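J.: Below are the structure tokens for one structure; questions will follow.
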Amino acid sequence: MKKLIFCPCVTFVAFVVFSTPAWAQFLTLSAGIHRIEAEVAHTREQRMQGLMHRKSMPPHRGMLFVFDVPSHQCMWMKNTPLPLSVAFLDERGRIINVEEMQPLSEVSHCSDRPTKYALEMNAGWFQQRGLSAGTPINGVERVPPAR
């Protein structure tokens, strides 16, 4: 008689795959030695959906919001139970400012000046790595244009 072995690793991998939307496109970015696997939100619909309804995210994963032109942008956490940090980036990928966002909050967190990108990561991600205003996020030059 064969024994079935349950592997929680497989269950976790399946959860991550099924919690990511079918439209997801990923791009590898970096901040110094830190690798970021960014899900790209470059359409209006993708930006509106963002990370809503996600309950967890691997530590190296985030979402990069791509805007048509640099402008003041604000983010909120409606329907998002996952605590997040957002870094607003200029056209060259340099951090403008970082904001900490509380789960399920409708409080707006805005860029200090016009931004081309917003990068959401797990709460505290930027602070834990010493990343702040002026730090470059490498790889934004490969980001598909906003649609």
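J.: Under 14 Å from the mean Cα position of the chain (by Cα), of a type outside the set (Ser, Thr, Tyr), surrounded by 12 or more Cβ atoms within 10 Å (Cβ to Cβ) and closer than 24 Å to Ala146 by Cα: is that true of Arg47 in this structure? Walk me through how you get there before you give the answer.
T.: Values: under 14 Å from the mean Cα position of the chain (by Cα): yes; of a type outside the set (Ser, Thr, Tyr): yes; surrounded by 12 or more Cβ atoms within 10 Å (Cβ to Cβ): yes; closer than 24 Å to Ala146 by Cα: yes.
In short, yes.
J.: Residue under question is Met63, and the condition is that it be out of contact with any Gly (no Cβ under 6 Å at 6 or more places or on another chain) and surrounded by fewer than 21 Cβ atoms within 10 Å (Cβ to Cβ); does it hold? Before the answer, list the steps.
T.: On the way: out of contact with any Gly (no Cβ under 6 Å at 6 or more places or on another chain): yes; surrounded by fewer than 21 Cβ atoms within 10 Å (Cβ to Cβ): no.
No; evaluated as a whole, the condition is false for this residue.
J.: Kindly list the number of the only condition in (1) modelled with pLDDT of 95 or more; (2) outside any strand (DSSP E or B) that fails for Ser30.
T.: (2)
J.: Here's a follow-up. Please determine, by comparing only the residues of the stretch 48-101 that are part of a loop (DSSP other than H, G, I, E, B) and among the aliphatic types (A, V, I, L, M), which one is farthest from Pro136 (Cα to Cα).
T.: Step one: filter the stretch 48-101 for residues part of a loop (DSSP other than H, G, I, E, B), giving 50-60, 72-73, 76-83, 90-93.
After this cut, where a residue has to be among the aliphatic types (A, V, I, L, M) as well, the list is 51-52, 57, 77, 82.
Numbers: Leu51: 23, Met52: 27, Met57: 23, Met77: 25, Leu82: 25 Å.
So the residue we want is Met52.
J.: Is there a residue being within 12 Å of the chain's Cα centre (by Cα) and more than 22 Å from Ala146 (Cα to Cα) anywhere in the stretch 68-82?
T.: Taking the stretch 68-82 first, the residues within 12 Å of the chain's Cα centre (by Cα) are 75, 82.
Pick out the ones that are also more than 22 Å from Ala146 (Cα to Cα) and you get 82.
Yes, the stretch 68-82 contains a residue that is within 12 Å of the chain's Cα centre (by Cα) and more than 22 Å from Ala146 (Cα to Cα).
J.: Let me ask another. Return the total of residues in the stretch 96-136 being free of Cβ contacts under 8 Å to residues at least 40 places away in the same chain, more than 25 Å from Lys55 (Cβ to Cβ) and either surrounded by fewer than 21 Cβ atoms within 10 Å (Cβ to Cβ) or under 14 Å from the mean Cα position of the chain (by Cα) (or both).
T.: Selection size over the stretch 96-136: 7.
The values are calculated or read from the model by the stated rules, or taken from the named source; none is laboratory data. Everything quoted here is computed from the prediction, not taken from an experiment. FYI the Cβ positions are ideal-geometry reconstructions off the backbone, even for glycines, and counts take in every protein chain you see.
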